[in-house]
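Encoded as structure tokens, the structure appears first; notes follow it.
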Amino acid sequence: MGEVQTVDCRGLSCPQPVLETRKALEESVASQLRILVDNITSRENVKRFASSQGLGVQVREMGADEFELLLERVQDTASPENKPTESQSSPVEQESLNGKNVVYVGNDCMGRGDDELGRKLIRGFLRTLIDVAPVPWKIIFINAGVKLTTLDEEAVEAISVLADRGVEILSCGTCLEHFGLVDRLKVGRVTNMFEVIESLNGATKVISPD
């Protein structure tokens, strides 16, 4: 086993564990990184980030809400014939070649004035996205918007159809924790502020129904 560097991210809030992990990857020559976190959201965020960087990931539970992630640098052994080509891309990926549209949802209502009306409007907006081409590259749910991926059955139904079509559905982990909804996520996956900013920076267009 080569050199192992430990990065203690316990006590850090989103997106600091991911940022500290990225910093260690850039600055360290160690073959392995040992990342310590103290909540499930950070565990999943660091794990997903590491996988996106082509790292091997092993997770060990150390105690109540404490986790160790062992990240290992691995070589890219994929042969050219095994790498995805444009013809192998999903429909949403092919559409995204001409434009990566991100829908940014910051509330469980659309517009201001009457919340009941606003909830009807946001459900209608999500249902309409299904029939509009191209479908979005990603839909990001922030603040009270995460209630649409957890509590609102009508919204969940529409969002699930979009997910089945290849749209990436992301719900803010800090927001889910704030509203006590981490265990009630029904569609998509948890994200963090680092990934949110990267998605917005990489978008051709950002659409907000607020």
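Worth a mention:
- Positive-pole candidate from 102, 121, 143, dipole of region 87-207, charges at beta carbon: 102
- Reducing region 161-210 and region 110-129 to their Cα centroids gives an inter-centroid distance of 18 Å.
- Nonlocal Lys pairs with alpha-carbon distance under 16 Å, region 87-207 (8 or more apart, or different chains): 5
- Each eigenvalue of the Cα gyration tensor of the chain, multiplied by 5 and square-rooted, gives one semi-axis; in descending order these are 33, 23, 13 Å.
- Count Lys and Arg as plus one, Asp and Glu as minus one, and take only other residues whose Cβ is under 11 Å from that of residue 144; the net charge is then -2.
- Scanning the chain for cysteines with no neighbouring cysteine C-beta under 4.7 angstrom from their C-beta gives 9, 14, 109.
- Beta-bridge orientation, the chain: approximately 40 percent antiparallel, per DSSP, counting only bridges with both partners inside.
- When shorter helices are ignored and each DSSP H run of at least 4 residues is given -39500 (n - 2.57), the per-residue value for the chain at 222 nm works out to -11000 deg cm²/dmol.
- Multiplying each eigenvalue of the alpha-carbon gyration tensor of region 4-73 by 5 and taking the square root yields semi-axes of 17, 12, 11 Å, largest first, rounded to whole angstroms.
- More than 26 angstrom apart: percent of Cα pairs within region 87-207: 15
- The angle between the Cα long axis of helix 193-202 and the longest principal axis of the Cα atoms of the chain comes to about 70 degrees, rounded to the nearest 10.
Computed from the coordinates by the stated procedures, all read-outs in this text should not be read as laboratory data. Because the structure is predicted, anything quoted here is derived from the model rather than measured. Counting neighbours? That spans all protein chains shown, and the Cβs are built from the backbone with ideal geometry, glycine included.
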